[in-house]
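The next block holds one structure in the form of structure tokens; read it before the comments.
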Amino acid sequence: MAVKSLYKKRKPQKVGLYCTVIVTVLVFSIAFAGLFSSKKGINTSLSQEQLNELVSSSSSGSVVVGSRPLLKNDFLDIIYSKNGGIYAAENVWYDIMMKGKEIMKENPNGDHLRAFEVGAHSSDQTLIAARAGFHAYCVEPSPKSFDRIYKQVLDAVTKDQSLASYVHLFQVAAGSTSEGEVDFRTMGGTGDHVGEFDMWNMKAGNPPKEFGEKKIGQVVKVPSKRLDDIMYNKLKPNELSGLEAGSNPPAIDTVFALKVDTQGFEPHVFDGLTEAIKHRKIQYIMTEYWPNGMGLLTGRDKCGAAVGILTQLLDAGYTLYALPLAVHPKGKTMMSSQAMRDWKSRPLHDLKADCEYILELEKRFPVEGYHMGFWT
């Protein structure tokens, strides 16, 4: 079944850098393999018809090896063929949040849906979920970012007291274990990450001194917690003044949506999600897919770490969808931009080959001083 609908236009809206995603008809579970969060506002969105087709179609655009569907191209086909490439992960977030709102409206006596945002620079997308009627769970380890999020939510609650019951904040690092602490480099920016690494040069150690104290930040200890423990009701949110109503949420049965954007720490995050994924407790998942960062932060083979996440999801019965490739502005050239738009060259039939294709782009389009590579 081909996707035939056209986009609806809507006015740009300000969104944050991180998000969670959920959907509609429970035809099959889905994982959006690849996420890039831009600072730009939303320009366009999927129409309701397109969302319905993406959710209900199990064969459109899929690539199958044996009986295993790999990365489906539905989103890429819509984004580039029908919309000129003007679409980002925030659009997926917003569109599906609104569909979830419709579902809850149709079932006024039903339970509120749950949305998880793991890795957040601001409260914007958590608040989109809460305002849509979701119980919105935000997991953010960075002290500076967490403090910003808390203040933003508190400000929102002063304007709408009902939000206090639907926002649940956790100042922990989602990881493979719920024991001990991890080192976390905090600057209060979008690049905060686990470990003592120089992310710009993609190596262990501190960033160059010429970056300045603000960009280097400081390394602090933060507790590590498995997302399984939160989703299986073993861990409560932080108790925060003014947000007491959200510190004791109702027990979680299922999670409608999860978004993970942890700057390369995703393999450890998914190591702490084994039970929820195995039992299909989560219906929809979006994750950043950055092989370079995953290799650095885990010490594993780059594609081994990246593909391992997708294999885990496939084994649990999820259907994978690819999203567009992205690169840091300092790594972008005219030729690399053209290559990223040429999504039909991506070997979506083979997860490892697609990972290697992403890594190869850095070699094909080198930029002096840029080492972070490409992601989705």
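The values are calculated or read from the model by the stated rules, or taken from the named source; none is laboratory data. Just so we're clear, the structure is a prediction, and the values are computed from it rather than from any experiment. Glycine also receives a Cβ, built like all others from the backbone with ideal geometry; neighbour counts cover every protein chain displayed. Quick note on the areas: whole protein, heavy atoms, side chains included, nothing else; ligands and nucleic acids left out. Shrake-Rupley method; radii C 1.70, N 1.55, O 1.52, S 1.80 Å.
Could you list all residues from segment 103-118 that are over 18 Å from PRO250 (Cβ atoms) and either open to solvent by 10 Å² or more (accessible area, probe 1.4 Å) or aromatic (Phe, Trp, Tyr) (or both)? It would help to see each step written out before you state the result.
Filtering segment 103-118 down to residues over 18 Å from PRO250 (Cβ atoms) leaves 105-106, 117-118.
The answer is LYS105, GLU106.
Evaluate the following for ASP155: is it open to solvent by 10 Å² or more (accessible area, probe 1.4 Å) and outside any strand (DSSP E or B)? First the steps, then the outcome.
Values: open to solvent by 10 Å² or more (accessible area, probe 1.4 Å): yes; outside any strand (DSSP E or B): yes.
Here the answer is yes, as ASP155 does meet what is asked.
Could you tell me whether any residue of segment 188-204 is assigned to a helix (DSSP H, G or I) and surrounded by 14 or more Cβ atoms within 10 Å (Cβ to Cβ)?
Taking segment 188-204 and keeping what is assigned to a helix (DSSP H, G or I), we get none.
Looking for residues that are assigned to a helix (DSSP H, G or I) and surrounded by 14 or more Cβ atoms within 10 Å (Cβ to Cβ), one finds none in segment 188-204, hence no.
Would you check which residues across segment 93-137 are closer than 21 Å to VAL172 by Cβ and without any contact (Cβ under 8 Å) to a residue 40 or more places away in the chain and list them?
Selection gives ALA130 alone.
Hey, which of the helices (runs of 4 or more DSSP H) in segment 268-376, taking only ones fully inside, have at least 1 residues that are open to solvent by 60 Å² or more (accessible area, probe 1.4 Å)? Explain how you work it out, then say what you get.
On the way: elements: 274-278, 291-298, 302-315, 334-341, 351-364.
Because the criterion is at least 1 residues that are open to solvent by 60 Å² or more (accessible area, probe 1.4 Å), the helices (runs of 4 or more DSSP H) in segment 268-376 that meet it are 274-278, 302-315, 334-341, 351-364.
For residues that are assigned to a loop (DSSP other than H, G, I, E, B) and either polar (S, T, N, Q) or at pLDDT 85 or above (or both), tally how many sit in segment 96-110.
Looking only at that region, the number is 2.
Can you list residue pairs whose Cβ atoms sit under 6 Å apart, with the first residue in segment 192-206 being over 17 Å from VAL367 (Cβ atoms) and the second being surrounded by 13 or more Cβ atoms within 10 Å (Cβ to Cβ) and of a type in the set (Lys, Arg)? Count only pairs 6 or more apart in sequence or on different chains.
HIS193/ARG185
All but one of (1) part of a strand (DSSP E or B); (2) under 19 Å from ASP147 (Cα atoms); (3) at pLDDT below 95 hold for LEU169; state the number of the condition that does not hold.
For LEU169, the failing item is (3).
Given the structure, is VAL182 in contact with a strand residue (DSSP E or B) (Cβ under 8 Å, 6 or more places away or on another chain), touching a residue at least 24 places away in the same chain (Cβ under 8 Å) and more than 13 Å from ARG226 (Cα to Cα)? First the steps, then the outcome.
Numbers: in contact with a strand residue (DSSP E or B) (Cβ under 8 Å, 6 or more places away or on another chain): yes; touching a residue at least 24 places away in the same chain (Cβ under 8 Å): yes; more than 13 Å from ARG226 (Cα to Cα): no.
Here the answer is no, as VAL182 does not meet what is asked.
Name the single residue, out of those in segment 57-95 being at pLDDT 80 or above and not in a helix (DSSP H, G or I), that is most open to solvent (accessible area, probe 1.4 Å).
ASN73
Considering only residues that are crowded, with 24+ Cβ neighbours inside 10 Å and part of a helix (DSSP H, G or I), which ones fall in segment 119-143?
Result: GLN125, THR126, ILE128, ALA129, ALA130.
Confirm whether LYS259 is at pLDDT below 95 and either open to solvent by less than 30 Å² (accessible area, probe 1.4 Å) or within 21 Å of the chain's Cα centre (by Cα) (or both). Talk me through it step by step, then tell me what you get.
Working: at pLDDT below 95: yes; either open to solvent by less than 30 Å² (accessible area, probe 1.4 Å) or within 21 Å of the chain's Cα centre (by Cα) (or both): yes.
Criteria met by LYS259.
Read through the list (1) open to solvent by less than 30 Å² (accessible area, probe 1.4 Å); (2) in contact with a helix residue (DSSP H, G or I) (Cβ under 7 Å, 6 or more places away or on another chain); (3) farther than 16 Å from GLY119 by Cα, then give the number of the only condition that GLY242 fails.
(1)
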